[in-house]
Amino acid sequence: MARGEKSISPRALYRLQQPLVEALIEWRDSGRTGQQLTDQSIALSQDFKNVKILDASSEEAENIVNYGHILLAAIDHSTLRDKRLRRIAAQCANGEVANLETLHLMLERMVSSTIYKLILAILLTGIAILAIYQIMR
């Protein structure tokens, strides 16, 4: 894929976040061993609902670093521009994330923060509409 070519949908990018980390946790907990985690060792179903790890290292730190590189490449090839997600991916790629549970929480906080901002925007819009309604009455 050429650099700058946008071919990864936001939906597929979402599946490379929490669901992939959950799949890595399952891989680790199963005790399986394998080779290096690469984009070729991740299987997404056609409907993007299921993520499966085909091969990954038994070393958690190595998997996190490789996950970071894969996620950075996916972000580069996506139309979605999320600075927080890019920062998390870079921290993984640089070996700054200690374990998969920490990574899972980092991604969960990112999603929660987005939801809270949306809720706040809806509430503020509602308050503004009520204020305008009161003024017009």
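The values are calculated or read from the model by the stated rules, or taken from the named source; none is laboratory data. The shown structure was predicted, so the numbers you read here are calculated from the model rather than taken from an experiment. Reconstructed Cβ throughout: ideal geometry from the backbone, glycine too, with neighbour counts over all protein chains shown.
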Residues of region 51-106 being of a type outside the set (A, V, I, L, M, F, W, C) and within 12 Å of Leu20 (Cβ to Cβ), in sequence order, are Lys52, Asn63, Asn66, Tyr67, Gly68, His104
Conditions (1) closer than 19 Å to Gly31 by Cβ; (2) in a loop (DSSP other than H, G, I, E, B) -> Ala98 fails only (1)
Checked against (1) at pLDDT 90 or above; (2) under 19 Å from Pro10 (Cα atoms), Ser112 satisfies every condition except (1)
Of the residues in region 44-72 that are within 20 Å of Ala12 (Cβ to Cβ) and of a type in the set (Ser, Thr, Tyr), the one that is modelled with the lowest pLDDT is Ser45
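Taking helices (runs of 4 or more DSSP H) that do not extend beyond region 18-93, which have at least 3 residues that are among the hydrophobic types (A, V, I, L, M, F, W, C), surrounded by 13 or more Cβ atoms within 10 Å (Cβ to Cβ) and under 11 Å from the mean Cα position of the chain (by Cα)? Talk me through it step by step, then tell me what you get.
Details: elements: 18-30, 60-76, 83-93.
Qualifying helices (runs of 4 or more DSSP H): 60-76, 83-93.
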Checked region 42-87 for anything farther than 21 Å from Ile25 by Cα and in contact (Cβ under 8 Å) with a residue 60 or more places away in the chain; matches are Ile75, Asp76, His77, Ser78, Thr79, Leu80
